[in-house]
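Colleague: What follows is a single structure, and I will ask about it in a moment.
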Amino acid sequence: MTRGLIPSPRFIEYLSGTVAWQSPLRISIDEEWRGVAKTFGADLEKSIGWSVELVGEGDACDVEILGLPELDVEAFQISVAARTRVEASSPAGVAYALTVLRQLGPASLWSDVPSAVASIEVPCVVIQDGPAFAWRGLHLDVSRHFFDVKTVCRLIDLLAAHRLNRLHLHLNDDQGWRVEIPSWPRLSEIGSTRRSSPVGHEDDGVDDDTPHGGFYSASDLESIRHHAAKRFVQIVPEIDLPGHAQAAIAAYPELGNVTDSLEVWTRWGISDHVLSVGPRSLEFAEDVVLYVASLFPDSPVHIGGDECPTIEWEQSSDAQSVMRDHGFHEARQLQGLFTKRMASALEREGHEVLAWDEVLDAEVPKGMVVVSWRSSAKGVEAAKRGLDVVMAPMQFLYFDWLNSLSPDEPVALAPAPFATTWEKVYGFSVVPPDLDPELAHHVRGAQAQLWSEYITTRDHLDYMAFPRLAAFSEVVWGTASTETDFRPRLEEHVERLAAMGVHYRPLDVDE
Ligand code: ACM
């Protein structure tokens, strides 16, 4: 008996025979790692109604979990036998091993509705495993469409099921501000609701005239952070400034460049309305990013910095005067004032800082991590400049793009001929082939992006994420091989997705 493990382990050998497990599953584990076994127990209880019994060292047990300090932090070893042995050097390694054990059982172990299962057969197997990349992420845009705490926590569970470990939350944009900031209350009072949204494709110019809104309180974000920590997923909050700021300016017009009153933007695309470069706007940027960072004390923080139109700065005498003060020749250099101000404040508080690859257009503060979205070439450029990089090229990893060229695909941001099939994702190379191997250590890993202009429901989110995220998880784990090897495992894996209630896109659709 083999099981379609995804992501595939670095080393696996199926032995003959199986072991049978029944409830209660007896696990021996060190006191300080018991939380991991309890989470596993809660998962089994939810899926098949079983309980996990934590037994003492040396007692009869089904699974014995041992510390092996010489293993890398996320690595683990498994030997399934009458007394199954799991070894790891960290709780994350243990959690990954337990995830693999769960995949070694039937798909019912992933069900979100309990079924009656008397006994399960697990194949005898030896596995040695660990990821090639430390950063294995998904980005979720909660601005264009808001997703509630429950949906985000479910997504975290799905990431953990694929041994992905970062969730990047895009918390503000022109179309909605999604986090309550006590010292700037109008951001959530005004900036979190837009009057209307486009229907169908933006280019069709049709509006729904229906308000859309929502935001997270500090306690909502704390729930998300706790849930994520339990699943060994780190939340990476993003405050995207000085562009993508129309919702903030709608709330606080004095932060903008124009006197007309603005509303939270009701179109998709990039608004020309950006923060002014005055002292109050810089203070605002620092203030909000520090507050959001304080809600995620152990997280790196993303400061956005993408797609900032300069037209308003070019037309503003105040901005021109700031340019003269700094000896800038081009308006786009003004963006560097925000980058520096936000980054140095965050660094003072001990946060690592990330930004989209547009920061490469100016001097980049030392230690900043670049998220390379426009192409892999931007990642190569960052690495050549001595910067670490998270690969997120839109051509492979923008999961808001069409799943295929089939006319039946739901409307997506990029029209045909742009499509990103799961097969294409599976062919992605995290380290760009043209990167000097001596610079490969700058590649921290990769993340997929779920921009949500066209993703309005949880089912649609599932459809855009899966199976592409399953393919991505193996790529970024570092064990992708051929499509011929992957496909049969993916066919088994979608049964797990179905058990979890994931509305995944079928593997084959007529194109
Ligand atoms: C981006 O897609 N604007 C980062």
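The values are calculated or read from the model by the stated rules, or taken from the named source; none is laboratory data. Please read all numbers here as calculations on a predicted model, not as lab measurements. Methodologically, a virtual Cβ is constructed for each residue, glycine included, from the backbone with ideal geometry; neighbour enumeration extends over all protein chains shown. To get the accessible areas, we keep the full protein, side chains included, count just its heavy atoms, and leave off ligands, DNA and RNA. Shrake-Rupley method; radii C 1.70, N 1.55, O 1.52, S 1.80 Å.
To keep it simple, each residue is scored yes or no on (1) under 29 Å from VAL411 (Cβ atoms); (2) in a loop (DSSP other than H, G, I, E, B); (3) open to solvent by less than 60 Å² (accessible area, probe 1.4 Å); (4) out of contact with any strand residue (DSSP E or B) (no Cβ under 8 Å at 6 or more places or on another chain).
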site	(1), (2), (3), (4)
ALA248	yes, no, yes, no
GLU254	no, no, no, yes
SER261	no, yes, no, yes
VAL264	yes, yes, yes, no
VAL277	no, yes, yes, yes
SER299	no, yes, yes, no
ALA319	no, no, yes, yes
ARG324	no, no, no, yes
PHE328	no, yes, yes, yes
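Colleague: Would you point out the residue of the range 436-470, among those that are touching a strand residue (DSSP E or B) at 6+ places or on another chain (Cβ under 7 Å) and among the aliphatic types (A, V, I, L, M), that is nearest to ALA160 (Cα to Cα)?
Modeller: Among those that are touching a strand residue (DSSP E or B) at 6+ places or on another chain (Cβ under 7 Å) and among the aliphatic types (A, V, I, L, M), it is LEU469.
Colleague: List the pairs whose first member sits in the range 68-80 and is closer than 24 Å to ARG166 by Cβ and without any contact (Cβ under 8 Å) to a residue 24 or more places away in the chain, whose second member is open to solvent by less than 50 Å² (accessible area, probe 1.4 Å) and not in a strand (DSSP E or B), and whose Cβ atoms are under 6 Å apart, counting only residues at least 6 apart or on separate chains?
Modeller: VAL73/SER90
Colleague: Separate question: Taking the stated definitions as given, is GLY305 assigned to a loop (DSSP other than H, G, I, E, B), crowded, with 24+ Cβ neighbours inside 10 Å and among the small types (Gly, Ala, Ser)? Steps first, please.
Modeller: On the way: assigned to a loop (DSSP other than H, G, I, E, B): yes; crowded, with 24+ Cβ neighbours inside 10 Å: yes; among the small types (Gly, Ala, Ser): yes.
Judged against the criteria, GLY305 is a match.
Colleague: Return the residues of the range 81-93 that are touching a residue at least 24 places away in the same chain (Cβ under 8 Å), under 15 Å from ASP62 (Cα atoms) and crowded, with 22+ Cβ neighbours inside 10 Å; say none if nothing qualifies.
Modeller: Quick first cut of the range 81-93, residues touching a residue at least 24 places away in the same chain (Cβ under 8 Å) only: 81-82, 84, 91-93.
Next cut, under 15 Å from ASP62 (Cα atoms) only: 81-82, 84.
Scanning the range 81-93 gives a single hit, THR84.
Colleague: Additional query: Among the residues that make up the range 97-116, is at least one of them loosely packed, with under 14 Cβ neighbours inside 10 Å and not in a loop (DSSP other than H, G, I, E, B)? Spell out the reasoning first.
Modeller: The initial filter retains those residues of the range 97-116 that are loosely packed, with under 14 Cβ neighbours inside 10 Å, namely 112-113, 115-116.
With not in a loop (DSSP other than H, G, I, E, B) added as a condition, the list becomes none.
No, because not a single residue in the range 97-116 is loosely packed, with under 14 Cβ neighbours inside 10 Å and not in a loop (DSSP other than H, G, I, E, B).
Colleague: Next question, about the same structure. What is the one condition in (1) closer than 30 Å to LEU98 by Cα; (2) open to solvent by 10 Å² or more (accessible area, probe 1.4 Å) that LEU169 does not satisfy?
Modeller: Here LEU169 clears every test but (2).
Colleague: Here's a follow-up. Filtering the range 350-368 down to residues that are farther than 14 Å from ASP306 by Cα and within 19 Å of the chain's Cα centre (by Cα), which residue is most open to solvent (accessible area, probe 1.4 Å)? Talk me through it step by step, then tell me what you get.
Modeller: So in the range 350-368, the residues farther than 14 Å from ASP306 by Cα come out as 350-353, 363, 365-368.
In the following step, the residues that additionally are within 19 Å of the chain's Cα centre (by Cα) were identified as 351-353, 368.
Values: HIS351: 14, GLU352: 68, VAL353: 1, MET368: 1 Å².
Taking the candidates together, the pick is GLU352.
Colleague: Here is a check on your reading of the model: is VAL52 surrounded by fewer than 16 Cβ atoms within 10 Å (Cβ to Cβ), out of contact with any His (no Cβ under 8 Å at 6 or more places or on another chain), without any contact (Cβ under 8 Å) to a residue 40 or more places away in the chain and among the aliphatic types (A, V, I, L, M)? Steps first, please.
Modeller: On the way: surrounded by fewer than 16 Cβ atoms within 10 Å (Cβ to Cβ): no; out of contact with any His (no Cβ under 8 Å at 6 or more places or on another chain): yes; without any contact (Cβ under 8 Å) to a residue 40 or more places away in the chain: yes; among the aliphatic types (A, V, I, L, M): yes.
Considered against the rule, which asks whether it is surrounded by fewer than 16 Cβ atoms within 10 Å (Cβ to Cβ), out of contact with any His (no Cβ under 8 Å at 6 or more places or on another chain), without any contact (Cβ under 8 Å) to a residue 40 or more places away in the chain and among the aliphatic types (A, V, I, L, M), VAL52 comes out as no.
Colleague: If GLU347 satisfies all but one of (1) free of Cβ contacts under 8 Å to residues at least 40 places away in the same chain; (2) open to solvent by less than 30 Å² (accessible area, probe 1.4 Å); (3) within 20 Å of VAL289 (Cβ to Cβ), what's the number of the condition it fails?
Modeller: (2)
Colleague: Evaluate the range 430-446: report whether one residue or more is within 16 Å of the ligand (Cβ to nearest atom) and modelled with pLDDT of 95 or more. Step through it out loud before you land on a result.
Modeller: Here is the first cut: in the range 430-446, the residues within 16 Å of the ligand (Cβ to nearest atom) are 446.
Adding the requirement that they be modelled with pLDDT of 95 or more leaves 446.
Yes, because at least one residue in the range 430-446 is within 16 Å of the ligand (Cβ to nearest atom) and modelled with pLDDT of 95 or more.
Colleague: Output the residue which, of all residues in the range 302-323 that are among the β-branched types (Val, Ile, Thr) and more than 16 Å from ARG178 (Cα to Cα), is nearest to the ligand (Cβ to nearest atom). Let's see the steps before the verdict.
Modeller: First, the residues of the range 302-323 that are among the β-branched types (Val, Ile, Thr): 303, 310-311, 322.
When the remaining residues are screened for being more than 16 Å from ARG178 (Cα to Cα), the result is 310-311, 322.
Values: THR310: 16, ILE311: 17, VAL322: 25 Å.
So the residue we want is THR310.
Colleague: Of everything in the range 382-401, what is more than 16 Å from the ligand (Cβ to nearest atom) and open to solvent by 10 Å² or more (accessible area, probe 1.4 Å)? Give them in sequence order. Don't jump to the end; show me each part of the working.
Modeller: Taking the range 382-401 and keeping what is more than 16 Å from the ligand (Cβ to nearest atom), we get 383-388.
If the condition is that a residue be more than 16 Å from the ligand (Cβ to nearest atom) and open to solvent by 10 Å² or more (accessible area, probe 1.4 Å), then LYS384, ARG385, GLY386, LEU387, ASP388 are the ones that fit.
Colleague: Among the residues of the range 448-465, write down those that are touching a residue at least 40 places away in the same chain (Cβ under 8 Å) and away from the ligand (no atom under 16 Å from the Cβ).
Modeller: THR456, ARG458, ASP459, HIS460, LEU461, ASP462, TYR463, ALA465
Colleague: Turning to a different aspect of this structure: Yes or no: GLY269 on the phi > 0 side of the Ramachandran plot, in contact with a Leu (Cβ under 8 Å, 6 or more places away or on another chain) and either within 16 Å of the ligand (Cβ to nearest atom) or open to solvent by less than 40 Å² (accessible area, probe 1.4 Å) (or both)?
Modeller: Values: on the phi > 0 side of the Ramachandran plot: yes; in contact with a Leu (Cβ under 8 Å, 6 or more places away or on another chain): no; either within 16 Å of the ligand (Cβ to nearest atom) or open to solvent by less than 40 Å² (accessible area, probe 1.4 Å) (or both): yes.
It is false that GLY269 is on the phi > 0 side of the Ramachandran plot, in contact with a Leu (Cβ under 8 Å, 6 or more places away or on another chain) and either within 16 Å of the ligand (Cβ to nearest atom) or open to solvent by less than 40 Å² (accessible area, probe 1.4 Å) (or both).
Colleague: Mind listing just one residue for me: the one in the range 279-297 that is out of contact with any Leu (no Cβ under 8 Å at 6 or more places or on another chain) and assigned to a helix (DSSP H, G or I) and, of those, least open to solvent (accessible area, probe 1.4 Å)?
Modeller: To start, the set of residues in the range 279-297 that are out of contact with any Leu (no Cβ under 8 Å at 6 or more places or on another chain) comprises 279, 283, 286-287, 291, 294, 297.
Next, from what is left, pick out any that are assigned to a helix (DSSP H, G or I): 279, 283, 286-287, 291, 294.
Numbers: PRO279: 105, GLU283: 85, GLU286: 37, ASP287: 66, TYR291: 57, SER294: 70 Å².
Filtering the range 279-297 for residues that are out of contact with any Leu (no Cβ under 8 Å at 6 or more places or on another chain) and assigned to a helix (DSSP H, G or I), the one least open to solvent (accessible area, probe 1.4 Å) comes out as GLU286.
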